[in-house]
Amino acid sequence: MAATYVEEVLPPVLDSTSEPPKLFDGTTRLYTNYHCPYAQRVWIVRNYKGLQDEIKLVPINLQNRPAWYKEKVYPPNKVPSLEHNGKIIGESLDLVKYVDANFKGPSLLPDDPAKKEFAEELIAYSGTFVDNVYASFRGDDTVKQAGSEFDYLETALHKFEDGHFFLGQFSQVDAVYIPFVERTRLFLYEVWKYDITSGRPKLAKWIQEINEIDAYKPTIPDPQLIVEKYKIRFLGQK
């Protein structure tokens, strides 16, 4: 069960004109972006564990990045990254696991060995899932190519029957997949009129259940903005 949800006022986005926070002063900071699906993964985990007070959000404008972020915080100049205990950690999958393992709050990984093994399998596949769905947007048969990936998720959701999530209860796996499923769902329907939940009842229920989670709700980006960004990125439309 998620920690008691904490309402928070989201901090303003920092750009090239913004001064840095007091770096490495003992504050734990999640450098993020409100529209980035990779950063959203970690943001969801942070919220679900009730860490709004322990991990401060520092949103970065990725189109106009502050120079100090690359120079003093994270040389790869990407988000997400985490400032914790005097060091910087990056990469969303690593951070999902790190935040879950190193901070208080409900664990997002069950004790059941079979579920842990399946979690590792699904998380390891997530990059292939994203790559294949994105590739389908430029392919000759987008619906068929993308559809096979959502069939994979539908099958995975049948593995455990003790809940509506991949491991039964909400876990790291759900946080890893939902940012990309939600974005691609919107784009596929807008452009190809393809409903990824049609004929996939488990996937439909999974999306419905995640959208009821308080920790997830504030991380949801503007659907219209997502579609516009994807049209520019994949179709060259402005």
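Rule-based calculations on the coordinates, nothing more; no lab input. Treat the numbers as computed from the prediction; the structure is a model and nothing was measured. Here the Cβ is made from the backbone with ideal geometry for all residues, glycine too, and neighbour counts use every protein chain on show.
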Could you check the simple spin-label distance between TYR152 and LYS231, using points 7 Å along Cα→Cβ, in nm with one decimal?
-> 2.9 nm
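Please arrange HIS84, HIS158, HIS35 by how many other C-beta atoms lie within 10 Å of their C-beta, fewest to most.
Numbers: HIS84 20, HIS158 9, HIS35 16.
Ascending Cβ contact count within 10 Å gives the list HIS158, HIS35, HIS84.
Can you give the calculated 222 nm mean residue ellipticity of the chain, where each DSSP H run of n ≥ 4 adds -39,500 (n - 2.57) and the sum is split over every residue, rounded to the nearest 500 deg cm²/dmol? Walk me through the numbers before you get to the answer.
Numbers: 7 runs with 101 residues, N = 238.
Rounded to the nearest 500, it is -14000 deg cm²/dmol.
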Taking only Cα atoms of the range 43-115, the Rg to Rh ratio with Kirkwood Rh works out at 1.02
What is the gain in length, in nm to one decimal, between ASP25 and ALA2 on full extension, counting 0.36 nm per residue of separation less the C-alpha to C-alpha distance?
-> 5.4 nm
Quick one: check the C-alpha center-to-center distance for the range 182-204 versus the range 39-92, whole angstrom.
-> 30 Å
Convert each backbone phi in the range 155-161 into a coupling constant with the Karplus relation 6.51 cos²θ - 1.76 cosθ + 1.60 (shift: θ = phi - 60°), then list the ³J(HN,Hα) values in order as whole Hz, x for Gly and Pro.
-> 5, 4, 6, 8, 4, 10, 10
For ASP195 paired with VAL13, estimate the spin-label separation in nm (one decimal), with each label point 7 Å from Cα along the Cα-to-Cβ line.
-> 3.2 nm
Would you tally the net charge around LEU30, using a Cβ to Cβ cut-off of less than 9 Å, leaving LEU30 out, and scoring K and R as +1, D and E as -1?
-> +2
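Would you work out the relative contact order for the chain, in percent, from Cα pairs under 8 angstrom that are 6 or more residues apart?
Details: 316 pairs, mean separation 48.0, N = 238.
Relative contact order here is 20 percent.
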Tell me the label-point distance for the pair GLU212, LYS104, using the 7 Å Cα-to-Cβ offset, in nm and rounded to one decimal.
-> 2.9 nm
Would you pull out the residues with amide H under 5 Å of LYS56's amide H, same chain only if 5 or more places away, H placed 1.01 Å from N?
-> THR28, ARG29, LEU30
Highest GNM mean-square fluctuation, the chain, Cα pairs closer than 10 Å: which of PRO179, PRO12, PRO106?
-> PRO12
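Once you list every other residue whose beta carbon is under 15 Å from the beta carbon of GLU212, what net charge do they have if Lys and Arg are +1 and Asp and Glu are -1? Show your work: numbers first, answer last.
Details: positive: LYS205, LYS217; negative: ASP174, GLU182, GLU209, ASP214.
Summing Lys and Arg as +1 and Asp and Glu as -1 gives -2.
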What does the charge add up to near PRO11, with Lys and Arg as +1, Asp and Glu as -1, over the other residues with Cβ less than 12 Å from its Cβ?
-> +1
Please give every one of the aspartates and glutamates within straight-line cross-link reach of LYS159, meaning a C-alpha to C-alpha distance under 15 Å, and leave out same-chain neighbours fewer than 8 residues apart.
-> ASP112, GLU117, GLU120, GLU121, ASP151, ASP174
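Which order results if GLU71, GLU83 are arranged by neighbouring Cβ count within 10 Å, fewest first?
Numbers: GLU71 11, GLU83 23.
So the residues, fewest neighbours to most, are GLU71, GLU83.
To make sure I understand, if each residue's beta carbon is the centre and we count other beta carbons within 10 Å, what order do ARG233, ARG41 fall in, fewest to most?
Working: ARG233 12, ARG41 26.
Result, fewest neighbours first: ARG233, ARG41.
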Among VAL176, VAL143, VAL45: highest mean-square fluctuation, GNM of the chain, C-alpha pairs under 10 Å = VAL143
